[in-house]
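*Asks:* Pasting in a structure now, in structure tokens, and then I'll have a few things to ask.
The values are calculated or read from the model by the stated rules, or taken from the named source; none is laboratory data. None of these values were measured; they are calculated from a predicted model. Positions of Cβ are generated from backbone atoms using ideal geometry, with glycine treated the same way; all protein chains shown enter the neighbour counts. Please note that ligands, DNA and RNA were not included when accessible areas were found on the heavy atoms of the full protein model with its side chains. Shrake-Rupley method; radii C 1.70, N 1.55, O 1.52, S 1.80 Å.
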Amino acid sequence: VTGLRKIENLRHGSLNGSSSTGLALSKYAEDNATGSGGECYRYVADALDQIGVYLTGESAYMAADQLKRNRKVREVRGVTREQLSTLPAGAIVVWNCSADHPDGHISISLGNGREASDLIRDQITDYGTDYCVFVPSDM
């Protein structure tokens, strides 16, 4: 399946695989998720460094605008909250900030309904804010 076709499939919830970049990204994120919470941006930024995507700033929500401008990833629009737990390995989810979550949240999908940031947990599907989903450009 071509990259464009995979992204179209993701919009419809039927993407079953990942790419080599997505698999490498998720493996690195999983292997290095050694924190205890509160440092998602630092850990995900470190993982993204491995694929040549460099983030700056202090808060997770700041990654969305940077990722939208980076050619090594592409935004996937129309992903529903229900589809978040079925994202392929290497998909990046960025949650916006709010009064309850002033830094937002960022994570990398492990492809099995779980996410990695500074720790590993079930994929967040309701953070209470809007979100963006990105995938490596070879997906």
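*Asks:* Just to be sure I follow the definition: excluding the sites themselves, where is the longest run in the chain that has none of the trypsin sites (Lys or Arg not before Pro) in a DSSP loop with at most 12 other Cβ atoms within 10 Å?
*Replies:* 1-68
*Asks:* With every protein chain left in place and a probe of 1.4 Å, what is the accessible surface of L87, to the nearest 10 Å²?
*Replies:* Surface accessible to solvent at L87 totals approximately 0 Å².
*Asks:* Springs between alpha-carbon pairs under 10 angstrom, Gaussian network model over the chain: which of S26, S117, S98 fluctuates most?
*Replies:* In the Gaussian network model the winner is S98.
*Asks:* So, with +1 on the Cβ of K and R and -1 on the Cβ of D and E, and no other charges, what is the size of the charge dipole of the chain about its Cα centre, to the nearest 20 debye?
*Replies:* That gives a dipole near 660 debye.
*Asks:* Carbon and sulfur: what percent of the chain's accessible surface (1.4 Å probe)?
*Replies:* The value for the chain is 45 percent carbon and sulfur by accessible area.
*Asks:* Going toward the positive end of the dipole of the chain, with +1 on Lys and Arg Cβ and -1 on Asp and Glu Cβ, which of Y41, L87, A60 do you reach last?
*Replies:* Value computed over the given set: L87.
*Asks:* If you don't mind, there's one more thing I want to ask. Estimate the FRET efficiency between T80 and N112 by the formula 1/(1 + (r/R0)^6), using the beta-carbon distance for r and 22 Å for R0, to the nearest 0.05.
*Replies:* 0.75
*Asks:* Rounded to whole Å and sorted largest first, what semi-axes of the equivalent ellipsoid does the C-alpha gyration tensor of the chain yield via the square root of 5 times each eigenvalue?
*Replies:* Semi-axes from the Cα gyration tensor: 20, 16, 14 Å.
*Asks:* Let me ask another. Mind pulling the angle between the C-alpha long axis of helix 40-49 and the longest principal axis of the chain? Nearest 10 degrees, somewhere in 0 to 90.
*Replies:* For 40-49 against the chain, the angle is about 50 degrees.
*Asks:* Can you pull the accessible area of Y41 for me, 1.4 Å probe, Å² to the nearest 10?
*Replies:* So the heavy atoms of Y41 present about 20 Å² to solvent.
*Asks:* So, one more: Determine the relative contact order of the chain: mean sequence separation of Cα pairs under 8 Å and six or more apart, normalised by residue count, in whole percent.
*Replies:* Dividing the mean separation by the residue count of the chain yields 34 percent.
*Asks:* Find the accessible area per residue for the chain; the probe is 1.4 Å, ligands and nucleic acids are left out, and the unit is Å².
*Replies:* 50
*Asks:* So for C97, C40, what's the accessible-area order with a 1.4 Å probe, most first?
*Replies:* These residues rank, largest area first, as C97, C40.
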